[in-house]
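The structure appears below as structure tokens.
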Amino acid sequence: MDTESRWGRRLRAENSKPVRSGVFPLLLLSTWILSGLVSASTNAAERPPNVVLIFADDLGYGDLGCYGATKVQTPNIDRLAAEGRRFTDAHSASAVCTPSRYGLLTGEYPVRQNIWGPAPVTSPLLVDTNKLTIADLFKNCGYHTAAVGKWHLGFGTKANTWKQPLRPGPQDLGFDYFYGVPVVNSSPPYVFVENDRVVGRVPDDPLVYLGRKPGDKASPITPLTEEHGNRVPNFFGGATEAHQLYNDFRLGTTLAERATSWIREQSDQPFFLYLATTNIHHPFTPAPRFQGTSQCGLYGDFVHELDWIVGEVMTTLEEQGVADNTLVIFTSDNGGMFNHGGQKAFQMGHRINGDLLGFKFGVWEGGHRVPFIAWWPGRIDPGTTSTQLISGVDMLATFAALTQQPLDPDQLADSVNVLPAMISEPESPLRDTLVLCPHKPTHLAVRKGKWVYIDARGSGGFSGRPGVHAAGGPVCASFVGSLNSDFENGTYKADAPYAQLYDLDTDPSQTQNLHNEYPEVVKEMSQLLASYTPPRPSGNKKVKPPAPRDAALKIPAIPSTRGASFDFESGELRPWKVVQGEFGHPIGSRDHFFRNKGEYNKQGEYYLTTLEGSPDATTGTDSQTGVIVSPLFIPAGGAMTFRVGGGRGQDTYVALCLADGTELQRSSGINDQVMQRGHWDLAPHVGKKLFLKVVDQSTGGWGHITVDHFQFDGEVLAEFADMTPHPAHDLQDDREPNRRPNFVVIFTDDQGYGDLSCFGGGHVSTPRIDQMAAEGSRLTSFYVAAPVCTPSRAALMTGCYPKRIDMAMGSDFGVLLAGDRKGLNPAEITIAEVLRTAGYHTGMFGKWHLGDQPEFLPTKQGFDEFFGLPFSHDIHPFHPRQSHYHFPPLPLLDGETVIELDPDADFLTKRITERAVAFIEKQQDHPFFLYIPHPIPHAPLHVSPPFLTDVAGDVVAKLSEEDGNVDYQTRHKLFRQAIAEIDWSVGRILDTLKANGLDENTLVLFTSDNGPPKNTIFASPGPLRGHKGTTLEGGMREPTVVRWPGKIPAGKANDQLMTTMDLLPTFAKLADVAIPTDRVIDGKDIWPTLIGEAPTPHDAFFYHSGNQLQAVRSGRWKLHVRNGKPTQLYDLESDIGERNNVIDSHPEVVQQLEQHLQRFANDIAANSRPAAFVENPVPLSE
């Protein structure tokens, strides 16, 4: 077969033909107002334009002839440019594939949804099905829509297990048809998916996900060599025929055939085709007929195949007689990658990103400035070039303008209509500002006019040296000959600024960092970067939204693609009914809210509300109360999506209920008319009769609820439930009406399960904590999420397993060290931030250990006040292995200011307690959250002089000889005294609460961050086996006491499984504040468990050491694994010390626990979030 397309061959014959020029006035677009389906008899010339969007993969700015390439020939794409318009300042929505595709389809910066990197194999669908997409725009106007090629945005609502149907997916985002590669050509599964089914899969040979160590069970795939570039091994077994249908060397041909055949089927209606090629993403596998045709190896050959694909599409458009009425856009998902193929191409004289600095994944121009060509005969002037600044996110607004559809302000927040730049010559820039999104949140950047500002050093992309797959950064920039004033020969200069500012008008190659020359511009750009809403990482200073919101977008009424729908578009309440109370006008149609005139983000025209008294009311009626219910329905599985707004209190909510009235789930608004997106998993309730219940029992401000657009799969019945109320436990019944509870968490360091008197510790004396236990409860199965400091604290702060948030380890050590480049991502929402949204004052006094760089400190993570240490007090120059670690002086901070270096640690417990007491005494008028993470009893042990009275004389004498050093061995003998001072501190906190009248409205919890250290003769795990750093019970089960007079049962032990991760959702519930809904939170609401009304909400609890999943507990059983294989099984009810391994006696238990482990591992793989990193970190003491 000839490598040149038929369209390309015509180019030579048509070069002498005049090409129609001229521009249709924008007013002529009004002839394409689409009021419904276009009839089959409509003349093609009268039809609205077809649109073909070709989205290449990893195609760099320098990879095309029309953009200056000389080692490849791209006649078909060059012809598009010759007959259309070439853009020289176009940018992908991200420098990475998945977020770029998200931005293209939704018109929203991917950072707003915290999407930074490639979606993993098990990723759920990353686009909310309620969000308007570019495909929705066309489908709303009667277009046929198709996506062909690479998807890479996930399937399903949770971790994708690859069970059919693969829904939600492309067909739930506006595409009538999908055929393509489900992830990417370098990652499994190596099969095709058509619509929601694996092509070639047969029932008795399903596709099976085997995990990342499939062994010899993986199905065979196309053999490749190192020359073709990196490809991930297959993680899937089964589906033999499906795997055989997928041939890497026919991939481009297959996708071209599918795209062109679909075009040929579109005779009666306008169409939109999204063709996302796998060319030229690694591995480089052009069809044999293209191999050896370029002058830069397989990389260039793959470009040649891409050009042929474009030619095939254009030929088909001409043959079908629709070319003149088709807008074709060609662009790329990000810049070229300097992988093995890109490096080989460079060696042969090809520059993948032209003269631009940087590569894919990075924020320098080479990572995201991409080719962009628009072709539309008779509408776009041929052979023209535009310097307008445009982005992939602009396609939403542009296609909305093309199809004459209005968008609301939320939908236009990031997307700009650039249609005028395609078909005319605007006199001024259409877009002045653009957010630039690399792989690392630390390097989010902003463009304004000619200026681009990056609030960090480097590119934020890969940084490997030439010769490795993940090559990039300064070392590779220097390697390819790029110049930059910040570095030389790949190494940063000593005086390089901490951030970057470039003038792209005069310096598009970013050779000169002007940061120090234009401080006023730096200030303006820095403020601009920080101003985006919701706030997102600005360079090294990453922030998060001030409140947990997940607003739905306003969309027109559209036919549901689900099996059942409650969208209220009939304008009547039926088939719902009021079963209690009275509502004057429950089906509203207002466009704006009464009080603040804010816009209703409704679906269509109507919604259900408990606020409106009449159709012509001028004010809301919060005094209306009652209950409204839906008819019964039987779900078929999947998820129910909806939107909910109004009040967030306990008395205004929508509930999913069983037929007997039992409430399964609740959702409320956020004290705003803006409706939030809701999502409930119906899979556990398949075949059961359910109904929806809207409850409004509040008459105060925001005492109403609004709901809309319930979408699900199932059957709606013509019957109602026999209403029998089963209300959830009402926390408000006996609560002081105007005062939320206070919370105090006391978190010691390295204290063992047996290191309290009330937990059997005879070697210590803890009368005040024992009194606290007598007045409250001992929690005897209370766990931390990791057996060492940093990850344990990360879990408490975020309610998540540390591995989920990439905080299971430090960057180069088991915990974070001084000057560490890693920290808790400020995009995480901490327990302090959740409570602060409800008006809480927040204070932290003690040890942080979640990052010591300024952007990671407690005051940047939700705490109003901070006094203490950024990490453990043994990270100091007196460490026994100082010659190895070279630790700087230990800083003591007040807020963000270092006030002392190497403070006298003997007084740490005392000073921390004094600051905590002072904080409490200021909180008479506000609820508060107080976090006291004591550095003690972590070694070296320190106590203040009053607690040295019973210390042996020889020990005191030894300590007097320290002379500026720290005698660790002698200080080990101060354990009893250190615990006594901790006990004194707890007493001072409790006494202060009582003295200030806060005692009865304050929940106080005492626990430790992990078990006692190994080889200690003083600290004790009590009856448990194991120690700090292990996943035996002694490493992670902690001595815990909780007290809240009148609420927590007094004097009782509670052996239900609970964790520090549960504090965030539990405190949020007690404070009547919403928790984040845009992310997975592992913690559970344990309030019913704490008060003895319910068992543990945890089906299973998982034990990690670092990033290794090593054990699982479910009920009484605990299973240990090594390298994924079961090794030990213990019955913790009869064997708390894990002494009797019963693994051989209970194979069925082992199997059940293995299933828990597998599901959890899959979930973590699909739903994890990155930590934050800074470049060139500096210790606070320097």
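The values are calculated or read from the model by the stated rules, or taken from the named source; none is laboratory data. Remember, predicted model here, so these are calculated numbers, not experimental data. A quick note on method: Cβ atoms are made from the backbone with ideal geometry, for glycine too, and the neighbour counts reach across all protein chains shown.
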Selected residue [over 19 Å from N334 (Cα atoms), assigned to a helix (DSSP H, G or I) and not acidic (D, E)] from V475, V468: V475
Near pairs, Cβ below 6 angstrom, 6+ apart or cross-chain, from the range 1100-1123 (in contact (Cβ under 8 Å) with a residue 60 or more places away in the chain and within 18 Å of F782 (Cα to Cα)) to any residue that is β-branched (V, I, T) and in a strand (DSSP E or B): A1100/V1112; F1102/V1112
Qualifying residue in the range 550-569 (condition: modelled with pLDDT of 85 or more, out of contact with any strand residue (DSSP E or B) (no Cβ under 7 Å at 6 or more places or on another chain) and part of a loop (DSSP other than H, G, I, E, B)): yes
Residue within the range 776-784 that is in the same structural domain as R1037 (by TED's automatic domain parsing), among the charged types (D, E, K, R), buried (at least 24 other Cβ atoms within 10 Å of the Cβ) and touching a residue at least 24 places away in the same chain (Cβ under 8 Å) present: no
Residue within the range 349-358 that is in contact with a Pro (Cβ under 6 Å, 6 or more places away or on another chain), assigned by TED's automatic domain parsing to the domain that holds H439 and of a type outside the set (A, V, I, L, M, F, W, C) present: no
Filter result for the condition that a residue is surrounded by 24 or more Cβ atoms within 10 Å (Cβ to Cβ), under 23 Å from P937 (Cα atoms) and aromatic (F, W, Y), over F878, F887, F871, F856: F871
Filter result for the condition that a residue is among the aromatic types (F, W, Y), buried (at least 24 other Cβ atoms within 10 Å of the Cβ) and part of a helix (DSSP H, G or I), over F302, F361, F330: F302
Flag if A499 is small (G, A, S) and in the same structural domain as R112 (by TED's automatic domain parsing): no
Unmet criterion (only one of (1) within 26 Å of Q1158 (Cα to Cα); (2) under 30 Å from the mean Cα position of the chain (by Cα); (3) not hydroxyl-bearing (S, T, Y)) for P203: (2)
Answer from G174, G169, G117 - the residue that is small (G, A, S) and surrounded by fewer than 24 Cβ atoms within 10 Å (Cβ to Cβ): G117
Residue count, the range 667-697 (criterion: of a type outside the set (A, V, I, L, M, F, W, C) and part of a loop (DSSP other than H, G, I, E, B)): 7
Qualifying position, being closer than 25 Å to A119 by Cβ and outside any loop (DSSP other than H, G, I, E, B), among H1104, H1120: H1104
When residues of the range 659-678 are limited to those that are among the aliphatic types (A, V, I, L, M) and touching a residue at least 40 places away in the same chain (Cβ under 8 Å), the one surrounded by the fewest Cβ atoms within 10 Å (Cβ to Cβ): A659
Selection status of Y502, part of a loop (DSSP other than H, G, I, E, B), over 30 Å from R231 (Cβ atoms) and among the aromatic types (F, W, Y): no
Per-region count, the range 740-776, residues of a type in the set (D, E) and farther than 19 Å from R1043 by Cβ: 2
Hey, T122 β-branched (V, I, T), in a loop (DSSP other than H, G, I, E, B) and modelled with pLDDT under 95 or not: yes
Test for I932: is it crowded, with 20+ Cβ neighbours inside 10 Å, out of contact with any Phe, Trp or Tyr (no Cβ under 8 Å at 6 or more places or on another chain) and in the same structural domain as Q861 (by TED's automatic domain parsing): no
Selection count, the range 611-631, where residues are crowded, with 21+ Cβ neighbours inside 10 Å and in contact (Cβ under 8 Å) with a residue 40 or more places away in the chain: 6
Filter result (closer than 16 Å to F178 by Cα and of a type in the set (G, A, S)) within the range 253-281: A256, A259, S261, A276
Residue selected from the range 333-358 under the condition polar (S, T, N, Q) and part of a loop (DSSP other than H, G, I, E, B), by the criterion nearest to G297 (Cα to Cα): N339
Qualifying position, being surrounded by fewer than 23 Cβ atoms within 10 Å (Cβ to Cβ), in a loop (DSSP other than H, G, I, E, B) and at pLDDT below 95, among G714, G700: G700
Single condition A1094 does not satisfy, out of (1) assigned to a loop (DSSP other than H, G, I, E, B); (2) at pLDDT 95 or above: (2)
Residue in the range 445-459 that is surrounded by the most Cβ atoms within 10 Å (Cβ to Cβ), counting only those that are out of contact with any Ser or Thr (no Cβ under 6 Å at 6 or more places or on another chain) and in a loop (DSSP other than H, G, I, E, B): S459
Long-range neighbours under 6 Å by Cβ, at least six apart or interchain, first residue modelled with pLDDT under 90 within the range 679-691, second hydroxyl-bearing (S, T, Y): H679/T641
Unique residue being surrounded by fewer than 23 Cβ atoms within 10 Å (Cβ to Cβ), closer than 23 Å to G1106 by Cα and either modelled with pLDDT of 90 or more or touching a strand residue (DSSP E or B) at 6+ places or on another chain (Cβ under 7 Å) (or both) when the list is V815, V898: V815
Odd one out for F878, checked against (1) part of a loop (DSSP other than H, G, I, E, B); (2) at pLDDT 95 or above: (2)
Condition met for Y968 (aromatic (F, W, Y) and surrounded by fewer than 19 Cβ atoms within 10 Å (Cβ to Cβ)): yes
F272 assigned to a loop (DSSP other than H, G, I, E, B) and assigned by TED's automatic domain parsing to the domain that holds L402: no
Filtered residues of the range 591-613 (kept if modelled with pLDDT under 90 and in a loop (DSSP other than H, G, I, E, B)): D591, F593, F594, R595, N596, K597, G598, Y600, N601, K602, G613
Every pair of residues 6+ apart whose Cβ atoms lie under 8 Å, when the first sits in the range 578-599 and is within 15 Å of T619 (Cα to Cα) and of a type in the set (S, T, N, Q) while the second is at pLDDT 80 or above and part of a strand (DSSP E or B): S589/Y607; N596/Q673
Hits in the range 991-1020 - residues which are in a helix (DSSP H, G or I), of a type in the set (A, V, I, L, M, F, W, C) and surrounded by fewer than 17 Cβ atoms within 10 Å (Cβ to Cβ): A995
Filter pass, E265 being more than 28 Å from L298 (Cβ to Cβ) and modelled with pLDDT of 95 or more: no
